[in-house]
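The values are calculated or read from the model by the stated rules, or taken from the named source; none is laboratory data. Owing to the predicted nature of the structure, the values given are computational and were not obtained by experimental measurement. As a convention, Cβ positions derive from the backbone with ideal geometry for all residues, glycine included, and neighbour counts pool all protein chains shown.
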């Protein structure tokens with residue numbers, strides 16, 4: 001018998017005023033022990049999806065469930081299983097970090113004190129200063145601790161590494177992977193492909209409220225574009241590179257060739273480039289908007 005999914009949505013939709021379609025016919029499943037990335041630009045419907053999952057707003061159509069409990073009709077019971085970090089985190093400015101965490105623990109009624117203290121030490125949380133004196137990054141660390149400190153079976157995170165320095169971003173990624181290894185689930189919403197691809201097992205891509213695609217993160221990496229600029233010692237025929245599957249010639253100026261290609265075509269491209277004498281070779285990821293456009297185009301091609 002199939003184990004109940006951590007998250008399941010069937011035809012989930014949310015419309016505002018009959019005209020703004022924030023989420024449209026969302027069919028999604030997140031398994032136990034999985035880190036699921038939910039990727040899309042600002043305004044795509046990510047935060048609305050989370051509010052629907054947590055029963056904070058009523059769906060216009062369809063349903064969402066957390067471990068088999070309806071997110072709306074049985075929302076109180078469903079939320080007991082969940083740790084949540086909102087994208088617009090708001091904390092009590094007059095409280096210290098310690099007082100804020102204690103207050104949230106009392107509201108929830110359950111707390112793993114050892115885990116809370118370990119998380120605070122691990123993330124270098126400042127517990128003694130009033131929150132109003134803390135930077136965005138230090139506030140974010142308190143938000144992360146409160147989401148994990150009761151050891152929930154499902155953690156829902158909206159842009160979790162916003163404001164954190166690279167070392168702490170790495171620590172949070174490790175925390176997510178450890179959570180999944182214990183059989184618990186993570187749903188992480190972000191507009192950053194880089195953030196998602198380092199931690200997720202699968203990725204769902206949302207565009208204008210519609211789920212464009214769901215794929216393994218390895219497949220997403222292979223489909224992600226890179227820009228390659230090659231300076232040759234002499235003029236080369238750009239068509240020889242454009243014939244490589246997936247490679248597109250962006251510009252050709254004398255001995256300098258600018259190309260775009262998916263990760264899966266890099267090996268073939270490098271081998272073709274190596275047939276010539278080169279002066280310089282630069283490869284870098286395409287910016288986020290280009291990656292989204294390519295993924296959306298592939299999603300549209302697939303129906």
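Here 180, 200 are screened, and the one residue that is buried (at least 23 other Cβ atoms within 10 Å of the Cβ) and more than 18 Å from residue 80 (Cβ to Cβ) is 200. For the subset of the stretch 27-55 comprising residues that are in contact with a helix residue (DSSP H, G or I) (Cβ under 8 Å, 6 or more places away or on another chain) and either free of Cβ contacts under 8 Å to residues at least 60 places away in the same chain or not in a strand (DSSP E or B) (or both), which member is surrounded by the most Cβ atoms within 10 Å (Cβ to Cβ)? Here the answer is 40. Taking the residues in the stretch 113-151 that are part of a loop (DSSP other than H, G, I, E, B) and under 24 Å from the mean Cα position of the chain (by Cα) as candidates, determine which candidate is farthest from residue 178 (Cα to Cα). Among residues in the stretch 113-151 that are part of a loop (DSSP other than H, G, I, E, B) and under 24 Å from the mean Cα position of the chain (by Cα), the one farthest from residue 178 (Cα to Cα) is 135.
Look at (1) under 17 Å from residue 155 (Cβ atoms); (2) in a loop (DSSP other than H, G, I, E, B); (3) out of contact with any strand residue (DSSP E or B) (no Cβ under 6 Å at 6 or more places or on another chain); (4) touching a residue at least 40 places away in the same chain (Cβ under 8 Å) and you find that residue 91 fails only one, number (1).
Take the stretch 56-81 and flag every residue that is within 30 Å of residue 198 (Cβ to Cβ) and assigned to a helix (DSSP H, G or I). Listed by number, the residues that qualify are 78, 79.
Of 170, 161, 229, all but one fail to be in contact with a strand residue (DSSP E or B) (Cβ under 9 Å, 6 or more places away or on another chain) and under 30 Å from residue 105 (Cβ atoms); the exception is 161.
Note on the stretch 214-241: residues that are farther than 16 Å from residue 257 by Cβ, touching a helix residue (DSSP H, G or I) at 6+ places or on another chain (Cβ under 7 Å) and assigned to a helix (DSSP H, G or I) amount to 5. Once the stretch 249-268 is narrowed to residues that are closer than 24 Å to residue 219 by Cβ and touching a helix residue (DSSP H, G or I) at 6+ places or on another chain (Cβ under 7 Å), the residue that is surrounded by the most Cβ atoms within 10 Å (Cβ to Cβ) is 259. Residue count for the stretch 15-26, restricted to those that are within 20 Å of residue 70 (Cβ to Cβ) and free of Cβ contacts under 8 Å to residues at least 60 places away in the same chain: 1. Of all residues in the stretch 247-278, those satisfying the criterion of being over 32 Å from the mean Cα position of the chain (by Cα) and assigned to a strand (DSSP E or B) are 251, 252, 253, 256, 257, 278. Residues satisfying the criterion are present in the stretch 206-213 (criterion: in the same structural domain as residue 183 (by TED's automatic domain parsing), at pLDDT below 90 and in a loop (DSSP other than H, G, I, E, B)). When you check residue 68 against the structure, is it surrounded by fewer than 17 Cβ atoms within 10 Å (Cβ to Cβ), assigned by TED's automatic domain parsing to the domain that holds residue 178 and closer than 20 Å to residue 184 by Cα, yes or no? The answer is yes for residue 68. Kindly provide the set of residues from the stretch 102-111 that are surrounded by 15 or more Cβ atoms within 10 Å (Cβ to Cβ) and assigned to a loop (DSSP other than H, G, I, E, B), ordered by number. If the condition is that a residue be surrounded by 15 or more Cβ atoms within 10 Å (Cβ to Cβ) and assigned to a loop (DSSP other than H, G, I, E, B), then 111 is the only one that fits. Tallying residues that are without any contact (Cβ under 8 Å) to a residue 40 or more places away in the chain and part of a helix (DSSP H, G or I) within the stretch 152-177 yields 6.
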